[in-house]
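The values are calculated or read from the model by the stated rules, or taken from the named source; none is laboratory data. The model shown is predicted, which means the values in this text are computed figures rather than measured ones. Please note: Cβ atoms are built from the backbone with ideal geometry, for glycine as well, and neighbour counts cover all protein chains shown. In case anyone asks, the SASA skips ligands and DNA or RNA and just uses the protein heavy atoms, side chains included. Shrake-Rupley method; radii C 1.70, N 1.55, O 1.52, S 1.80 Å.
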Amino acid sequence: MASSAGLALCGQALVVRGGSRFLATSTASSDDDVLFTYDCSTAEKPQENKGEDGQPVDKGSDTILASTFSKSGSYFALTDDSKRLILFRTKPWQCLSVRTVVRRCTALTFTASEEKLLVADKSGDVYSFPVLEPQRCGQLELGHLSMLLDVAVSPDDRYVLTADRDEKIRVSWAAAPHSIESFCLGHTEFVSRIFVVPDHPELLLSSSGDCTLRLWEYRGGRELHCCHLTSLREPADCCFSLQRFAASRIAYWSQESCVALLCDCIPVVYIFQLDASRQQLVYKQQLDFQHRVWDIAFEESQGLWVLQDYREAPLVLCRPVGGQWQAVPENAALKKVSAHVQENWAMLEGMAGVDVGFSGLYKATFDNVTAYLRKKEERLQKRRQNPPPGPNGQAKKMKPGEASVRS
């Protein structure tokens, strides 16, 4: 549901994706850099489903919907609009398999052991695919009654966490997914993103269409802290206070327990600090950008990478300077990676006007009372103008207030 342009980082491996293509490079400033590119339109196509008229139905566009690295960075996986799950080895880069999924996927993640790849789809199901047997089909693990928007795994692989459109976060046992450990309830709109904090594995971060960022002790389903994002806007940005928005990315930097939050319709990145001892999030600052921000990701040794819709400077690198995060001058790593993105800008050009955020997931509200009262008043007006006939065929005069009583 997030933008089809994206950024992924693990160690010094960096991936930028747009449309059906992605490029992979390294943030290291060495001269022996190897660039790897891949286009999903060239991948093996699944067998076409045909309708009663014999024509293909439900043909995908090959657009990449979601992607992720494994914990060690040894594997990379993506799903696309043609219902394919594509697995890569990264050292060196090589496509290992192209498998078919049942329905279009919204999120995916590797288990911490890197033995399985979990894929969440629009129907509310989670399938697991083996990594070490890259040709083997997936297995249904669990299901929700509504669309899934994100999936995560606890660092010890004991729990699978899923977030859905119906405001719920579910914590299931990985060994027996039908057994539910807890629910994290409190959001009032769809849950857009969830993130298990790696160095505090008992804690979970979640974002939602209700414009909140929440901190949970997820095994007990206990909410620890709630931050209302609309209250963080600066006075000059008050026009955004009435706008609904949801986070499209939660990123975490373990060096300073820093949380970065990117929202899907405003060019702002919110910076928080996680105070685990006090079990709360401390708001630090907001980073404003002149161009649309597609994605963000932390690199432990460099800082916060920002992918934006601006060909002249597609990537921005931010670091804390004097306690405040700010963009740093272009260094060798930033210059090299930006040059690769600029050379392959064609894959991002089509994303400029694409709106594939969360706007279609909000609850629809209907004001039936106003319509009822209006129609009722119309009926009363007609009755006053044309009163019903009496027993002798003459129009019966209505006493004052009688119309309202009869209605």
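The table that follows gives values for the structure above.
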quantity	calculated
Residue match in region 59-75 (condition: modelled with pLDDT under 95, open to solvent by less than 50 Å² (accessible area, probe 1.4 Å), part of a loop (DSSP other than H, G, I, E, B) and at negative phi)	yes
Number of the exception - residue 42 against (1) loosely packed, with under 15 Cβ neighbours inside 10 Å; (2) modelled with pLDDT of 95 or more; (3) among the β-branched types (Val, Ile, Thr)	(2)
Among (1) of a type in the set (Gly, Ala, Ser); (2) under 18 Å from residue 178 (Cβ atoms); (3) out of contact with any Leu (no Cβ under 6 Å at 6 or more places or on another chain) - the single one residue 113 does not satisfy	(2)
Residue count for region 76-96, restricted to those that are in contact with a Pro (Cβ under 8 Å, 6 or more places away or on another chain) and either in a loop (DSSP other than H, G, I, E, B) or surrounded by fewer than 18 Cβ atoms within 10 Å (Cβ to Cβ) (or both)	3
Cβ pairs under 7 Å, 6+ apart, first in region 95-121 and under 21 Å from residue 24 (Cα atoms), second of a type in the set (Asp, Glu) and modelled with pLDDT of 95 or more	107/150
Selection from region 179-196 of residues that are in contact with a strand residue (DSSP E or B) (Cβ under 7 Å, 6 or more places away or on another chain) and in a loop (DSSP other than H, G, I, E, B)	179, 186, 187, 189, 190
Residue match in region 304-314 (condition: within 30 Å of residue 30 (Cβ to Cβ), more than 20 Å from the chain's Cα centre (by Cα), assigned to a strand (DSSP E or B) and not β-branched (Val, Ile, Thr))	no
Among residues of region 322-369, those that are at pLDDT below 90, within 18 Å of residue 291 (Cα to Cα) and either of a type in the set (Gly, Ala, Ser) or outside any loop (DSSP other than H, G, I, E, B) (or both), counted	5
Test: residue in region 147-165 that is among the small types (Gly, Ala, Ser) and closer than 23 Å to residue 325 by Cα	no
Residue ID - least open to solvent (accessible area, probe 1.4 Å), chosen from residues in region 212-234 that are part of a loop (DSSP other than H, G, I, E, B) and among the charged types (D, E, K, R)	233
Some residue of region 129-139 being surrounded by 18 or more Cβ atoms within 10 Å (Cβ to Cβ) and closer than 15 Å to residue 68 by Cα	yes
Residue within region 191-200 that is on the phi > 0 side of the Ramachandran plot, surrounded by 15 or more Cβ atoms within 10 Å (Cβ to Cβ) and in contact with an Asp or Glu (Cβ under 9 Å, 6 or more places away or on another chain) present	no
Single residue of 288, 275, 264 found to be more than 27 Å from residue 360 (Cβ to Cβ) and acidic (Asp, Glu)	275
Single unsatisfied condition, residue 255 versus (1) in contact with a Leu (Cβ under 8 Å, 6 or more places away or on another chain); (2) farther than 28 Å from residue 120 by Cα	(1)
Selection status of residue 94, at pLDDT below 95 and more than 22 Å from the chain's Cα centre (by Cα)	no
Residue count for region 140-169, restricted to those that are open to solvent by 30 Å² or more (accessible area, probe 1.4 Å) and not in a loop (DSSP other than H, G, I, E, B)	3
Where a residue in region 122-149 is within 24 Å of residue 89 (Cα to Cα) and its partner, wherever it lies, is of a type in the set (Lys, Arg) and surrounded by fewer than 19 Cβ atoms within 10 Å (Cβ to Cβ), with Cβ under 6 Å and at least six apart	130/136
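Residue-wise test of (1) without any contact (Cβ under 8 Å) to a residue 24 or more places away in the chain; (2) crowded, with 20+ Cβ neighbours inside 10 Å; (3) within 18 Å of residue 199 (Cβ to Cβ).
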residue	(1), (2), (3)
255	no, no, yes
260	no, yes, yes
280	no, no, yes
284	no, no, no
304	no, yes, yes
309	no, no, no
322	yes, no, no
332	no, no, no
